[in-house]
Structures are given as C-alpha cells and as structure tokens.
Amino acid sequence: ETGLLASPRNPTSEACTTTSTALHVFRLRRIWAQIHGSLYSDVNSGIYQATRDHKIIMFRAQIDDWLGSVPPIPTRTGPALSIFATQDWYDLNYKETIVMLYRCQITGKDGDINGEVLLECARAAASICLGYRRQYIGRAVNYTWSTLHVIFSAGLTYLHCLWASAQLRQATSITERGTILTS
C-alpha cells in the first residue's frame, strides 16, 4: 500500500546477499527452461536446423552473459559444507549448460556431427568431471543426487564425444582420458 520504501539495491556498488545469488541462479534456471522448451520439446521436434542453430547461438550468448555477470562471491567463515555460490559452482553450472545446449547436435541425427561442437562438449564434460572431483574428493563437502547425475551425464557425454570423433581421440592421451573418467 505504501509502495517501495527504498530504492532497489545496486548490485555493483553494494554487498552481495543471498538474494543476489538466488536471483542469479533463477536466471540460469530460466535459461535452462528455455533451452528445454525450444530445443528438446516434442512441440518443437520438427524445427528447421537453421532455426535450431540460431536458437543455440542465442542461448550461448545468454549463458556467456550469465557467467560474466556472476555476483560477487560472499565471504564465508569456517569450512564450506557446500560449493553453492562459489566461483567453482558457477563454472560447473556454466559447463553443464554448455553440454545441455549442444547435446542435440552431438547425436548425429541430422547428418554429420560438427567436430567443433564435439570438442566443446568434450571439454565441458571433462571440466565437470574434474571440477567435481576437485571439490568432493578429500574434502568435507557434501554431495547430492543431482550432483551424481551431473557427473554421470558428463562422463557419458565425454565418452560419446571420444567415440564419435577420431580427431578428439588423437588429441587426448589415454592417461588424460583415464583421469577424467575415474573422477
């Protein structure tokens, strides 16, 4: 009834709050919903490849912007029980979004598979596996079932990219592949 009692916070000049982080996460989840609705929905299964490719470029710009506008990381006291709202968490979610975005292009249903897309997905998937390994092995950080799902999906994506691209297999050593897959 009385309207706004103060002007809105300016995130660039004021301290980050948990609300700042939540709003940033909501923004990512909204992008995820748009990706699923635009690229993977049964309603859109017959979209032309040019339209799909344009949407992928648009979504890529949005997720790059999302990562570039991460709010300042709040300072923590004591040991972290979660990686939520850390730079690693933002980076891992960015990589997960990259894999989600390009997944429709690495299956080869539309003909030839783009080698650059396979390489991008393989790098993102490898980064996810190694990033979570760094966060969870030997530390008191709790894991979740959704984290397990992300790691499993990333491992499968990495294997698929290796299987589908002779160039990628030649560019990665067996030791490197083993390190990523045993994460």
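The values are calculated or read from the model by the stated rules, or taken from the named source; none is laboratory data. Just so it is clear, the structure is predicted and the values come from calculations on it, not from any experiment. Glycine gets a Cβ as well: all are built from the backbone with ideal geometry, and neighbour counts include every protein chain shown. Side chains are part of the model used for accessible areas, which takes the heavy atoms of the whole protein and leaves out ligands, DNA and RNA. Shrake-Rupley method; radii C 1.70, N 1.55, O 1.52, S 1.80 Å.
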Amide H neighbours of Asn114 at under 5 Å, excluding residues fewer than 5 places away on the same chain, with H built from the backbone geometry, are none
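Charges at C-beta only: +1 for Lys and Arg, -1 for Asp and Glu. How large is the resulting dipole of segment 53-183 about its Cα centre, in Debye rounded to 20?
Dipole size: approximately 420 debye.
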Judged on accessible area alone, 1.4 Å probe, highest first, Arg103, Arg134, Arg60, Arg30 line up as Arg30, Arg134, Arg103, Arg60
Within segment 25-44, the residues whose backbone N lies under 15 Å from a label point placed 7 Å from the Cα of Ser82 along the Cα-to-Cβ direction are 25-26
Computed over all unlike Cα pairs, the Kirkwood hydrodynamic radius of segment 104-183 in Å stands at 13.3
Among Ile137, Ala122, Ile151, the residue whose Cα sits farthest towards the positive end of the charge dipole of segment 106-160 (+1 at Cβ of Lys and Arg, -1 at Cβ of Asp and Glu, taken about the Cα centre) is Ile137
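With the radius of gyration and the Kirkwood radius both derived from the Cα set of segment 46-183, what is their ratio Rg to Rh?
On the way: Rg = 16.4 Å, Rh = 16.3 Å.
A ratio of 1.01.
Grab the beta carbon distance between Ile174 and His149, set R0 = 35 Å, and tell me the FRET efficiency rounded to 0.05.
Values: r = 27 Å, r/R0 = 0.77.
Efficiency computed from Cβ-Cβ geometry: 0.85.
Multiply the residue separation of Leu119 and Asp53 by 0.36 nm, subtract the distance between their alpha-carbon atoms, and state the gained length in nm to one decimal. Mind dumping the intermediate values first?
Numbers: separation 66, 0.36 × 66 = 23.76 nm, distance 1.70 nm.
Length difference between fully extended and current span is 22.1 nm.
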Ignoring ligands and nucleic acids, Tyr40 exposes an accessible area, probe 1.4 Å, in Å² to the nearest 10, of 80
By accessible area (1.4 Å), largest first, Phe152, Phe59 order as Phe152, Phe59
Working note, segment 28-108: Cα radius of gyration (Å, one decimal) and Dmax (Å, whole number) are 15.5, 52
Reported to the nearest 10 Å², Ile151 has, with a 1.4 Å probe, an accessible area equal to 50
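Suppose R0 equals 25 Å. What FRET efficiency, 1/(1 + (r/R0)^6) with r the Cβ-Cβ distance, do Asp64 and Ala140 give to the nearest 0.05? Mind showing how you got there, number by number?
On the way: r = 33 Å, r/R0 = 1.31.
Efficiency, from the Cβ-Cβ distance: 0.15.
Which percent of the accessible area of segment 82-161 is formed by carbon and sulfur heavy atoms (probe 1.4 angstrom)?
56
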From highest to lowest solvent-accessible area (probe 1.4 Å; ligands, DNA and RNA excluded), Thr18, Thr86 read Thr18, Thr86
